[in-house]
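Have a look at the structure below, then the notes.
Rule-based calculations on the coordinates, nothing more; no lab input. Because the structure is predicted, anything quoted here is derived from the model rather than measured. Ideal geometry is used to build each Cβ from the backbone, glycine not excepted, and the neighbour counts take in all protein chains shown.
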Amino acid sequence: KKLKILKYNIMNIEGNNEAIFQKSISKTSNELGTGKIMNQEGKDAKENFEEESKTKKLESVKMENLMKTGNDKCQAAHKSNEENMKIAENFIANFWHETNMPNKKNTIVDEVMQNESNCIKLNERNCIVSIECINQNLIGSLPSEIENLINLQILNLRENLFNGSVPHEIGRLINLTKLDLSNNQLTGHIPAEIGKLTNLTDLNLGQNQLTGCMPSEIGNLINLKTINVVVNQLTGSIPPEIGKLINLTYLDLSINNFTGSIPPEICNL
């Protein structure tokens, strides 16, 4: 009986030890698993941090490049505006008729440059959008460099003393809505390039000394409302393409040397 009791106690002790051992193993395993998880989480966090740092660095570089590009564009625009204003300044200075009004040359240049004159108007980006110098005794030929004023919408130089021909470069002023060169001393042909000014609504070349035919390209100016070429020396026939100008409300071709019949297409107006 004592042997049985002793055996039973030994078995209980062994059982308890096994349970304790298994529990210890389980605990150690859990701790090891937790450690692995924590190590993996730390590794993942480190990789995420490095990736985020790399991304932020790339974004910073992109932002710096963007700011540099924007700054370069801004400087280029500023340079372009300075060049445009230089053209305008030369335009006024070179064509001011010193013989008639020598004392006003510098005054008007100063006024224009200080934006105190209505002669030249700028938009919010400081680009020239309007030149209206009426009856200012300006003299000389129109410069081909006027093509650089690509934002120009109004060019009104009537009642001056301009001579020479209308530069074909004027066809590059695609934003032009009003072109008035009337009452000057312009000679030569009306350039065919004028047909590229599709935003033009008012065209006045009257009272000059223009010769040759009216270009058929004038039919491309579908937004035209007024055409005035009165008192010139234009020859040839009236272009039937005028009949395409469905928005035309005023047409004056009088006192020229046109020949032939009036094209029936004009009846479409």
Residue-by-residue Karplus 3J(HN,Hα) for the stretch 187-196, coefficients 6.51, -1.76, 1.60, Hz, glycine and proline x: 10, x, 8, 6, x, 4, 4, 4, x, 8
Just to verify a number: FRET efficiency for LEU269 and GLU159, C-beta to C-beta distance, R0 = 41 Å, to 0.05? 0.90
Under 5 Å between amide H atoms, partner at least 5 residues away or on a different chain: which partners does MET214 have, H built in plane at 1.01 Å? THR235
If the chain between ASN247 and ASN175 were fully stretched, how many nm would it gain, using 0.36 nm times the residue separation less the Cα-Cα distance? 24.1 nm
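Just want to confirm a number: the relative contact order over the stretch 134-197, from Cα pairs under 8 angstrom separated by 6+ residues, in percent.
Computed over the stretch 134-197, the figure is 36 percent.
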Excluding LEU253 itself, what net charge comes from residues whose Cβ is under 15 Å from its Cβ, given Lys and Arg +1 and Asp and Glu -1? -3
